[in-house]
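The values are calculated or read from the model by the stated rules, or taken from the named source; none is laboratory data. Remember, it's a predicted structure, so these values are computed and weren't measured experimentally. Quick reminder, even Gly has a Cβ in these numbers, built from the backbone with ideal geometry, and neighbours come from all protein chains shown. The protein model used for the area step is the full one, side chains on, heavy atoms only, and it has no ligands, DNA or RNA in it. Shrake-Rupley method; radii C 1.70, N 1.55, O 1.52, S 1.80 Å.
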Amino acid sequence: MRRPKAELRARVNRQLTFRYERTGLTSYAGLEFVRRWLRRDGWLPLLRHELATALPPTDYGVVGLVLVVVALLLGGGRRLCHLRYLDGDPIVRRFCGLRRLPTARTLGRWLGAFRVRHLPALQRVNGLVAARAIRHTGQRRLTIDVDGSVVSTGLQVAWAQRGYNPHRRKVPSYYPITAYEAQSGQVLRVQNRPGDIHDGKAARPFLRALLHQLRATLGGRYPLEFRMDGAFFRRDVLALLTRAGAEYAIKVPFYPWVGVKDCVRRTRTWTRVTATVSCADHEVDIAPWAQRHRIVVYRSRVQHETAKNFQLDLFDPSDGHYEYSAVVTNKALGGPALWAFMCGRGVHEKVYGELKNGFAFGSVPSMRYAANSAWQCLSVLAFNLSRSFQLATTARRRAASRKRRALFRFETIHTLRALCLQRAGVLVHPHGRATLDVGPAAAVTERFERLDRLLAA
C-alpha cells in the first residue's frame, strides 16, 4: 500500500542530527590532485628555492604559509578569518604540508611583516609560473593587455588615496595595474599603487620591469604586441615600446591637439568592418610631439542618441547617430583586423572580475601597504596556478582567432570548485593505504578518475 505524500514529506523534512568528531572528512577533495600536480611538475622545490629566504620568516615555514594562502583562495576564502573553516581538513593539511594549520592571527602577523623589498620575490615566482604556461601552449607571440583596476579600501589603510574610483569617488582606494597574456591566459605581472596615480604616467616603470621580466624568463624569441586604453596614449610610452621592438595598438582620446577631429571631417569614404562599424585609415602629424603616427578611426552606428554622439560637435544630425573611437598602431593589420584585435581586450576585464570575485583580489586583509600588495601577488599566483593546473589536465585546445583569445578553453574558478575542488570525501585507510572516498556520484567519480589518469601519465 502506497504511503500518503504528507507522510513521505514529513520523513524527508525530519531534522538531521550533526556529529562533530575528529574523522577523515574533507570538503576539498580536489585539492589532492592540485597537490599531486605541484609535486609532479617540480613546483614545490621552485617555491622553496625562490621564497624560503626571500620572505619574512615564520615557524610554519615560508612555503607552508604561501600554500595556506593558495589553498584558502582556491577553496573560496575571502578573508583571513575564513581560515578557521579549513582547520582540521586532512586534504588541506596534506596540500600545505603541515600537521596543523596556522590561525588567522598568525597568518595576519606574517603578512604584516612584509615590506616592499619582499615583493620582487613573489613577482618573480609569478613570472616563472606564467613563463612555463606560455611554453606549454606553444604560441609564437605574446599578446599583452595592460590595464589598471580600482580596489576600494578603508579610511585608514596605508597609501590608499582618493582618486580614479568611478563608482565611489570619495572612498580611498588602491589602483593596481596588471599585465595579462591573452593567449596563455596568464597574468604576467601585478603591481599595487595608490588610488590617485595616473594610469599612463605611472606605467613606464611597470612596463620596463615587465620587459625585463620577459627577457629573463622567456628570452627574446617571442614577438611582443601590446593592447592598451587611452590613458596610455603618451609619447614616452610609445617611445618605450618602439625601443623594445614591440608592436602596439592603443586607444586615442579625442584631444584637440591630436588632430583626429580634422581627419574625421575630411573623411569621405569609410571601409566596412561589420554591419554597424566602419573605419578610415590616416597618417596623422601630432604637432606637440613632432611625430607622425598611423591612426585608424572607427565609427559605430547606433539607433538612438547617446552621450557619445556627435563627439566635439563633429557631425550634422542628418548623418545619423554614431559613436567614434580611434586607435594608434604600428602593426601592419588592416582596419577590420585591427578592430577584431582591439575587441580582444575585453577578456582582461573578465580576468579582473574573476580575480576579484573568485580569488579575493579586491580584499584588503591589512592596514599595511606591503601586506596588501603581497596579498594581491598571492591572489595572482593562485589564479595562475589554477590555469596552469588546467593546462596540465583538462583544458582543451581551441582554434586561434583574430581577437587573440586564449588558445585553451579554461573553466572559471567557480566552475572548477563546483566540479573538482570543493567535493566532499572521506579519507580512509583500508589495508593501511590512504584512500580518498568521494561517494557514488558518477560524474564526480568519472572526473576524478580522469584526473588520476592524466596526472599519472
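Numbers at a glance
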| item | result |
| --- | --- |
| Span-rule helices in the chain, defined as complete DSSP H runs reaching 15 Å or more along the axis (Cα) with Kyte mean at least 0.0 | 62-74, 119-137, 203-218, 369-392 |
| Mean separation of Cα contacts under 8 Å (6+ apart) over length of the chain, as relative contact order % | 19 |
| Dipole-positive endmost among PHE408, PHE383, THR435 within the stretch 360-457 (Cβ charges, Cα centre) | PHE408 |
| ALA290-ARG402 FRET efficiency (beta carbon distance; Förster radius 30 Å; 0.05 resolution) | 0.35 |
| Karplus 3J(HN,Hα) series, Hz, for the stretch 280-294 with 6.51 cos²θ - 1.76 cosθ + 1.60 (x for Gly, Pro) | 9, 9, 9, 9, 10, 8, 8, 4, x, 8, 6, 9, 10, 10, 7 |
| Extended-chain gain in nm, criterion 0.36 nm per residue less alpha-carbon gap, THR53 and ARG40 | 2.3 nm |
| Surface per residue (accessible, 1.4 Å probe) for the chain, Å² | 51 |
| HN-Hα J in Hz across the stretch 295-303 - Karplus 6.51, -1.76, 1.60, θ = phi - 60°, x for Gly and Pro | 10, 9, 9, 10, 10, 10, 7, 10, 8 |
| Accessible surface of the stretch 86-243 [probe 1.4 Å, protein heavy atoms]: carbon and sulfur percent | 48 |
| Electrostatic dipole magnitude of the chain [Cβ: Lys, Arg +1; Asp, Glu -1; Cα centre; debye, to 20] | 1120 |
| Length released on extending from HIS321 to ARG94, taking residue separation times 0.36 nm less the Cα-Cα span | 75.6 nm |
| Cβ-based charge dipole, the chain, positive-most Cα from CYS263, GLY127, GLN161 | GLY127 |
| Test item: Cα-centred dipole of the stretch 100-144, Lys/Arg +1 and Asp/Glu -1 on Cβ, debye | 60 |
| Potential extension, ARG105-VAL426 segment - 0.36 nm per residue separation minus Cα distance | 112.7 nm |
| Neighbour net charge for ASN192 - beta-carbon separation under 15 angstrom, K R +1, D E -1 | +3 |
| Longest site-free stretch - the chain; sites: chymotrypsin sites (Phe, Trp or Tyr not before Pro), DSSP loop, at most 13 other Cβ within 10 Å | 21-457 |
| Sum of side-chain charges, PRO56 neighbourhood, beta-carbon under 10 Å (Lys, Arg +1; Asp, Glu -1) | +2 |
| Label-point gap, in nm, between HIS167 and LYS350 - each point 7 angstrom along Cα→Cβ | 1.9 |
| Dipole moment magnitude, nearest 20 debye, the stretch 376-447 about Cα centre, only Lys, Arg, Asp, Glu C-beta charged | 680 |
| Spin-label pair THR415/ALA158, simplified geometry with 7 Å Cα→Cβ offset, distance in nm | 4.0 |
| Selection from PRO90, SER184, THR103 lying farthest towards where the dipole of the stretch 58-192 points positive, charges on Cβ | THR103 |
| Förster radius 22 Å - calculated FRET efficiency between ARG433 and HIS82 (Cβ-Cβ, nearest 0.05) | 0.10 |
| Pairwise FRET efficiency - ASP262 versus ARG117, Cβ, R0 = 56 Å, nearest 0.05 | 0.65 |
| Cβ-defined net charge surrounding ILE413, 14 Å radius [Lys, Arg +1; Asp, Glu -1] | +3 |
